[in-house]
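The next block holds one structure in the form of structure tokens; read it before the comments.
The values are calculated or read from the model by the stated rules, or taken from the named source; none is laboratory data. The model shown is predicted, which means the values in this text are computed figures rather than measured ones. For neighbour counting, all protein chains shown are included, and Cβ atoms are generated from backbone atoms with ideal geometry for every residue, glycine included.
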Amino acid sequence: MRPHLPSCVLINDDSDLSKEFVWSLRYSTHCSYYLKDPSLDFFKYKFFSPIDQYKNKANESFFYIDSSNGTVSFDVKTCSDNHSGIENKIFNKSFESGVFNELSNTLSKYLCNKDKNITEVSYYLLYDFSGVVSIVGTLLKCDDSIVVINHNDADLYEINNLLVSGAQDVISDDNLLINIRFNIKSNNIVKSVVTNQLDHYELKALRSVGINLPLVIVQNLYKRKVKTFVLMDIDNVQIDKKIEYKNYYNTIYFDLDETLVWLEQPIEETIALLNKFHNKGFCLKLLTRHKKNIANTLSSISVDINVFNEIIKVEDGEKKSQFVTGNSLFIDNEFPERYDVKFNGNVNSIDLDQLEFINI
């Protein structure tokens, strides 16, 4: 039995957006996931169950995430509710002229020092469970490529405040993920659109730097305030092309719990990656707070303890950032650990949902 009820039902179709949402949550252990599409390979979605398995839980509350029709809606209902009744309306709106003009001027000043080939600025905003709006991801499109920029950058403070204020006036609702696009021509904004139609490839690009918006939605449904950060530095990515990290690191740090093992079961994808790194001669270090005997746990999931150049046991009160050095990559399922290592240890940090971007 997985912890953290209520569970989550994913209402999906065969669209690229639905596939991205489901794929983004495939390593999430935050709650039990039930998937509508029975045609998917459940071996790949080991933490998911077919939707038929929740039908006898009529009085239980569930999260519902509907990623069909090119939009995403999310809500909390009981199993007896008609989950198909979740509002998933497609809309396109514009800012009021006064807010837009001020925002346009401020954004133009910011862009004048950027790449002259910028064609679009794309913002993702979360209207959370309490109706508060926050920016959760920002991208620039340059001809046929995308770059994720740090939306927490101090240089964006004025723009972000204007954007959030204007968006709050345009839509007064909660539990919505919204995309705002600004089309650019010679650093002058020519059009703005506020929409709930989302770009699956942009969501994938955001995930590659550590911003998993489907997981943000799950956290929001638990009524947890969420803030997102860029935890992995990557270059521009070519639109609709495979995203890959540049192989510049020489040391890889692996966490143990829920990274290599979950509920005493091996996480095969991470272990396979560990062995690939070992075979390629990388320096591998286990950096863990594991409370049990580490050697016994590794043996139980068929991981040879000798693949690690060093095993570092982190004690209570210690930070993992104390033990990392530059030119490294840190893999850990826990956000607080990744945040600490990135911003205190200056080492790029990734979750399991980013393993696919590693090419060795």
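A few comments on the model shown:
- Condition check for residue 122: farther than 28 Å from residue 9 by Cα, small (Gly, Ala, Ser) and either at pLDDT 90 or above or outside any strand (DSSP E or B) (or both): yes
- Filter result (outside any helix (DSSP H, G or I), under 20 Å from residue 92 (Cα atoms) and touching a Phe, Trp or Tyr at 6+ places or on another chain (Cβ under 7 Å)) within region 137-170: 137, 138
- When residue 302 is tested against (1) buried (at least 17 other Cβ atoms within 10 Å of the Cβ); (2) in a loop (DSSP other than H, G, I, E, B); (3) not acidic (Asp, Glu), exactly one condition is not met: (1).
- Scanning region 216-227 for residues that are buried (at least 21 other Cβ atoms within 10 Å of the Cβ) and either more than 30 Å from residue 78 (Cβ to Cβ) or of a type in the set (A, V, I, L, M, F, W, C) (or both) yields 216, 217, 218, 221.
Residue-by-condition table, conditions (1) of a type in the set (S, T, N, Q); (2) within 29 Å of residue 21 (Cβ to Cβ):
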residue	(1), (2)
252	no, yes
274	no, yes
284	no, no
291	no, no
322	yes, no
337	no, yes
350	no, yes
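- Taken over region 92-112, the criterion of being within 29 Å of the chain's Cα centre (by Cα) and not in a helix (DSSP H, G or I) is satisfied by 92, 93, 94, 95.
- Given (1) loosely packed, with under 13 Cβ neighbours inside 10 Å; (2) among the hydroxyl-bearing types (Ser, Thr, Tyr); (3) closer than 21 Å to residue 28 by Cα, number of the condition residue 325 does not satisfy: (3)
- Within the option set 131, 137, being closer than 20 Å to residue 207 by Cβ, of a type in the set (Gly, Ala, Ser) and modelled with pLDDT of 85 or more holds for one residue only, 137.
- Filtered residue count, region 149-159, keeping only those that are at pLDDT 95 or above and under 19 Å from residue 192 (Cα atoms): 1
- A single entry from 150, 196, 188, 183 fulfils the requirement of being surrounded by fewer than 18 Cβ atoms within 10 Å (Cβ to Cβ), in contact with a strand residue (DSSP E or B) (Cβ under 7 Å, 6 or more places away or on another chain) and outside the structural domain of residue 31 (by TED's automatic domain parsing): 183.
- Qualifying residues in region 112-147 (those that are of a type in the set (D, E, K, R) and within 18 Å of residue 195 (Cβ to Cβ)) - the one surrounded by the most Cβ atoms within 10 Å (Cβ to Cβ): 141
- Residue in region 257-289 that is nearest to the chain's Cα centre (by Cα), counting only those that are exposed (fewer than 15 other Cβ atoms within 10 Å of the Cβ) and assigned to a loop (DSSP other than H, G, I, E, B): 263
- Here residue 264 meets the list (1) touching a Lys or Arg at 6+ places or on another chain (Cβ under 8 Å); (2) assigned by TED's automatic domain parsing to the domain that holds residue 300; (3) not small (Gly, Ala, Ser) almost entirely, failing just condition (1).
- Under the condition of being surrounded by 20 or more Cβ atoms within 10 Å (Cβ to Cβ) and touching a residue at least 40 places away in the same chain (Cβ under 8 Å), the residues counted in region 342-358 number 9.
- Yes/no for residue 110 being over 21 Å from residue 15 (Cα atoms), at pLDDT 85 or above, of a type in the set (Ser, Thr, Tyr) and touching a Leu at 6+ places or on another chain (Cβ under 9 Å): yes
- Selected residue (criterion: farthest from the chain's Cα centre (by Cα)) from residues of region 123-171 that are at negative phi and among the acidic types (Asp, Glu): 169
- Residue 173 among the charged types (D, E, K, R), exposed (fewer than 13 other Cβ atoms within 10 Å of the Cβ) and either in contact with a strand residue (DSSP E or B) (Cβ under 7 Å, 6 or more places away or on another chain) or part of a strand (DSSP E or B) (or both): yes
- Boolean, residue 231 is touching a helix residue (DSSP H, G or I) at 6+ places or on another chain (Cβ under 9 Å), in the same structural domain as residue 316 (by TED's automatic domain parsing), within 22 Å of residue 27 (Cα to Cα) and surrounded by 18 or more Cβ atoms within 10 Å (Cβ to Cβ): no
- Region 125-136, residues that are part of a strand (DSSP E or B), of a type in the set (A, V, I, L, M, F, W, C) and within 18 Å of residue 157 (Cβ to Cβ): 125, 133, 135, 136
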